[in-house]
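The structure under discussion appears below in the form of structure tokens.
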Amino acid sequence: MDAPHLLKVATQAALGRRSHLDMFHTDYATPDGSCLRDYIHVSDLAEAHHVALDHLRRGGKSLTLNCGYGRGYPVLDVIKVVKRISDRDSKMLLSGRRGGDPARLIA
């Protein structure tokens with residue numbers, strides 16, 4: 001089964017490669033009821049890896065870092081942006097909550 005990555009799934013639905021997009025509930029304690037997620041741009045993630053590798057090559061100690069922007073975006077807003085950019089109104093179905101899904105994931 002595919003991992004349910006929002007951007008991938010929303011894009012596939014907009015392109016007609018999926019029949020619909022599942023929205024996992026809208027009753028979270030957030031402004032619009034959808035989960036808040038902190039997305040990092042792939043270029044920023046690549047730069048973080050580059051900087052970390054340079055650090056290690058210079059003899060720096062290994063460490064664990066949490067990469068993010070420190071702000072979350074509502075899932076419903078992300079879906080709206082994908083629909084606007086694609087100019088397609090893909091079908092969205094309201095599904096039950098997924099077990100263990102936190103309302104906020106912000107780095």
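Since every read-out is calculated from the coordinates, none of them should be taken as a lab result. These numbers come from a predicted model, not from an experiment. Because the Cβ atoms are built from the backbone with ideal geometry, glycine has one as well, and the counts that use them run over all protein chains shown.
Under 5 Å between amide H atoms, partner at least 5 residues away or on a different chain: which partners does Asp22 have, H built in plane at 1.01 Å? For Asp22, the qualifying residues are Leu93.
Annotation: the residues Lys8, Lys61, Lys91, sorted from fewest to most other C-beta atoms within 10 Å of their own C-beta, follow the order Lys61, Lys91, Lys8. Highest mobility in the GNM of the chain, judged by mean-square fluctuation with C-alpha springs under 10 Å and restricted to Arg37, Arg88, Arg58, is found for Arg58. Given +1 at the Cβ of Lys and Arg, -1 at the Cβ of Asp and Glu and no other charges, the dipole of segment 6-105 around its Cα centre is 220 debye to the nearest 20. Just from its helices, what would the mean residue ellipticity at 222 nm be for the chain, if runs of 4 or more DSSP H residues each count -39500 (n - 2.57) and the sum is divided by every residue, rounded to the nearest 500 deg cm²/dmol? Counting only the DSSP helices, I get -11000 deg cm²/dmol.
Residue order for Ser95, Ser34, fewest other beta carbons within 10 angstrom first, comes to Ser95, Ser34. Be a star and scan segment 78-107 for residues whose amide nitrogen sits under 14 Å from the point 7 Å along the Cα-to-Cβ vector of His20. Under cut-off, by backbone N: 90-97. I'd like the orientation of helix 42-57 relative to the chain: the angle between its Cα long axis and the longest Cα principal axis, in ° from 0 to 90, rounded to 10. It works out to around 20 degrees. Counting only aspartates and glutamates at least 8 places from Lys80 when in the same chain, those with an alpha carbon closer than 15 Å to its own are Asp22, Asp32, Asp89. Here the label points at Leu94 and Asp38, each 7 Å from Cα along the C-beta direction, are separated by 3.0 nm in the simple model.
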